[in-house]
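This report concerns only the one structure given below.
The values are calculated or read from the model by the stated rules, or taken from the named source; none is laboratory data. Everything numeric in this text was worked out from a predicted model, so none of it was measured. Heads up, the Cβs are rebuilt from the backbone with ideal geometry, glycines too, and the neighbour counts pull from every protein chain shown. For accessibility, only protein heavy atoms count, side chains too; no ligands or nucleic acids. Shrake-Rupley method; radii C 1.70, N 1.55, O 1.52, S 1.80 Å.
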Amino acid sequence: METVPKDQITSLIENGLYDSAQMLGCFLVSSNAVANAEANSLVKAENLVIHGDALFGQKEFRRALNMYKQALQQCKIIPKQIMVNPRSSLSSSNRSSSPSSINISAINENEVKFKITLCHSALNENRAALMELEGIPSKARSLRMNLTLGKLYRISRHNRASISCYKDCLRHCPFALEAITALAELGVSAKDIISLFPQTPNRRPPFEHLDSIRWLQRYVEAQCCVASNDYKGGLEHFSEQLLRFPNNVHILLEMAKVEATIGRNDESMINFEKARSMDPYVVTYMDEYAMLLKAKSDQSKLSRLIHDLLSIDPGRPEVLVALSVLWERKDERRALAYAEKSLRIDDRHICGHIMKGNLCLLLNRPDAAVTAFRGAQELRPDLRSYQGLVRSYLALSKVKEALYTAREAMKSMPQSAKALKIVGDVHASNEGGREKARKFYESALRLEPGFLGAALALAELHVVEGRNKDAVQLLERYLKDWADDSLHIKLAQVFAETNMLSEALSHYQAALRLNPQNEAAKKGFERLEKQMKGVDPDAPEEDEEDDVEDADGEQEEAELL
């Protein structure tokens with residue numbers, strides 16, 4: 001009788017040789033080596049699972065799913081056969097010893113159900129995945145099963161059930177860091193998370209003393225601070241961890257992400273560059289880094305980053321968002337296509353939603369922008385999603401909705417100067433609210449004196465109300481302490497409006513000395529040169545002025561981000 005060696009297929013799978021395993025699996029599932037009906041069903045079930053594992057390794061998830069489901073069907077037949085044929089010649093003793101049959105315990109139905117869950121998840125069939133995983137009794141679920149179930153509940157917005165699953169994970173393994181991050185983002189306090197860690201001698205984790213995981217408690221506190229928008233506290237905890245674990249790429253990336261979120265662009269870029277110098281193949285958060293490089297108009301570094309990322313893994317959502325950033329200036333529609341592709345790969349990728357929202361605004365599609373920014377907010381509200389929503393509502397002339405969103409940002413981040421500025425932006429959008437806008441901008445500057453975004457917005461408000469002298473004094477005062485290209489550009493624009501062209505020219509030149517790649521400074525400088533030569537800068541290219549204004553808007557926005 002012809003037989004196919006199962007142990008060889010299993011060995012091929014363990015060694016990652018899925019092509020050979022899959023081809024050999026076709027022989028296995030078509031074999032008729034076992035004549036006994038009951039044993040045959042058991043053998044078929046095992047063969048189908050092995051073939052399914054090979055297909056899963058090949059990422060042929062639909063075919064693997066079919067094999068696993070057929071295996072479960074075979075398992076369902078077995079008890080019926082036993083009941084129908086109680087005098088079966090295959091006893092329990094020879095069932096385990098016969099080389100042509102299989103012990104019934106060899107098929108773990110719960111494991112097969114979990115494999116079905118993983119197939120559905122890989123195919124983005126989250127509802128089917130959740131239903132399959134819920135069919136496994138809670139006591140039979142492994143750590144990985146609970147972690148997957150927590151993720152699926154969270155995707156389905158069943159937050160209470162999700163929290164319960166993640167808590168079970170930490171009770172079994174306090175080092176499941178993704179469970180810690182998820183619980184923090186779901187609003188569980190640091191105290192409650194730490195209380196889940198094994199404390200008593202009977203439940204002692206595999207380390208000698210609880211003191212040895214004090215760093216883990218600080219990590220929990222850092223993640224909870226960030227999740228509750230206490231970015232300063234989060235950065236303090238992460239900085240403390242970095243002292244204990246120097247050159248920790250994960251901590252550097254977490255710090256860089258938080259710094260990018262709150263507008264500390266220079267510090268963020270330094271930490272991203274440190275992380276890349278230690279691990280040049282890291283992809284995590286590199287789309288955030290790409291956005292910072294674009295805000296700095298550092299096109300050469302951005303191009304090198306994209307080149308590196310494409311050589312590492314072109315299918316990651318971070319890489320596609322970075323490509324979207326690269327194409328934003330050249331082709332907004334192509335940039336949008338990359339952002340949308342990133343969301344098709346991972347619809348929970350926050351940067352993808354934010355990038356899509358920004359591009360929809362540039363393409364004058366504020367309704368689509370609202371949807372994108374709401375998608376980001378549902379995953380994790382932060383300053384950028386609030387800011388994007390406000391800009392979208394203002395573009396739709398929905399001032400009431402914009403003000404509600406801005407106030408919501410202020411309530412969730414009471415100590416944030418950026419949140420105060422968002423409220424000021426809404427009031428500044430209409431003539432009757434300018435006085436309120438001024439107060440909010442001044443409050444933001446009192447809270448964070450180095451917040452240039454608020455200083456630029458206040459200067460613009462002075463200009464709109466005809467107080468150019470006040471705008472110049474404010475900007476020059478800031479230039480004494482902060483040599484920033486955006487301040488020089490704004491001063492150049494104010495001087496240009498008052499026909500002080502030589503002063504305007506000197507500030508554009510200063511901006512370009514600080515940042516030679518600044519597009520707004522380049523365009524402003526070229527435009528001003530034409531004016532000084534007596535040439536109408538609008539005559540040959542009618543849309544050039546709009547381009548300059550857009551670039552300036554991007555510069556101010558970049559400072560806020």
Practice task
For the stretch 516-536, state whether one or more residues are modelled with pLDDT under 75, open to solvent by 40 Å² or more (accessible area, probe 1.4 Å) and touching a helix residue (DSSP H, G or I) at 6+ places or on another chain (Cβ under 9 Å).
Solution key: yes
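Which ranges mark the helices (runs of 4 or more DSSP H) fully within the stretch 374-488 that have 2 or more residues being open to solvent by 10 Å² or more (accessible area, probe 1.4 Å) and closer than 30 Å to Ser506 by Cα? Step through it out loud before you land on a result.
Details: elements: 383-395, 399-412, 417-428, 434-447, 452-464, 468-481.
Hits in the stretch 374-488: 417-428, 434-447, 452-464, 468-481.
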Practice task
Could you tell me which numbered condition Asn94 fails, if it satisfies all but one of (1) at pLDDT 50 or above; (2) open to solvent by 40 Å² or more (accessible area, probe 1.4 Å); (3) over 25 Å from Cys119 (Cα atoms)?
Solution key: (1)
Completion exercise
Given (1) within 25 Å of Leu379 (Cβ to Cβ); (2) without any contact (Cβ under 8 Å) to a residue 12 or more places away in the chain, Asp266 misses just (1)
Completion exercise
Selection over the stretch 24-62 where residues are under 15 Å from Thr3 (Cβ atoms), open to solvent by less than 40 Å² (accessible area, probe 1.4 Å) and either at pLDDT 90 or above or out of contact with any Asp or Glu (no Cβ under 7 Å at 6 or more places or on another chain) (or both) yields a count of 8
Completion exercise
Here the residues within the stretch 225-246 that are open to solvent by 20 Å² or more (accessible area, probe 1.4 Å), assigned to a helix (DSSP H, G or I) and not aliphatic (A, V, I, L, M) are Cys225, Tyr231, Lys232, Glu236, His237, Ser239, Glu240, Arg244
Practice task
Under 9 Å between Cβ atoms, at least 6 apart or on separate chains: pull out the pairs that start in the stretch 130-159 with a residue that is loosely packed, with under 15 Cβ neighbours inside 10 Å and end on any residue that is basic (Lys, Arg).
Solution key: Gly135/Lys113; Ser156/Arg127
Handout entry: Enumerated helices (runs of 4 or more DSSP H) restricted to the stretch 247-341, each holding at least 3 residues that are surrounded by fewer than 16 Cβ atoms within 10 Å (Cβ to Cβ)
Key = 265-278, 299-312
Practice task
Please work out which one of (1) free of Cβ contacts under 8 Å to residues at least 24 places away in the same chain; (2) closer than 29 Å to Ala190 by Cα; (3) touching a helix residue (DSSP H, G or I) at 6+ places or on another chain (Cβ under 8 Å) is the condition Ala275 fails and give its number.
Solution key: (1)
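Being part of a helix (DSSP H, G or I) and either farther than 15 Å from Gln387 by Cβ or among the β-branched types (Val, Ile, Thr) (or both) is the filter here; which residues of the stretch 342-355 pass it?
Once the filter is applied, which keeps residues that are part of a helix (DSSP H, G or I) and either farther than 15 Å from Gln387 by Cβ or among the β-branched types (Val, Ile, Thr) (or both), the stretch 342-355 yields Ser342, Leu343, Arg344, Ile345, Ile350, Gly352, Ile354.
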Handout entry: Top-ranked residue in the stretch 104-146 [being part of a loop (DSSP other than H, G, I, E, B) and of a type in the set (Gly, Ala, Ser); ranked as nearest to Lys44 (Cα to Cα)]
Key = Gly135
Fill in the blank from the handout: The condition of being modelled with pLDDT of 75 or more and of a type outside the set (Gly, Ala, Ser) holds, among Ile107, Ile78, only for Ile107
Handout entry: Verdict on Asn430 being more than 28 Å from Ile354 (Cβ to Cβ) and not aliphatic (A, V, I, L, M)
Key = no
Practice task
Only one of these is in contact with a Gly (Cβ under 7 Å, 6 or more places away or on another chain) and modelled with pLDDT of 90 or more: Val226, Val249, Val188, Val220. Name it.
Solution key: Val226
Practice task
Filter the stretch 9-22 for residues that are within 12 Å of Leu55 (Cα to Cα) and either touching a Lys or Arg at 6+ places or on another chain (Cβ under 6 Å) or surrounded by fewer than 14 Cβ atoms within 10 Å (Cβ to Cβ) (or both) and give the result.
Solution key: Gly16, Asp19
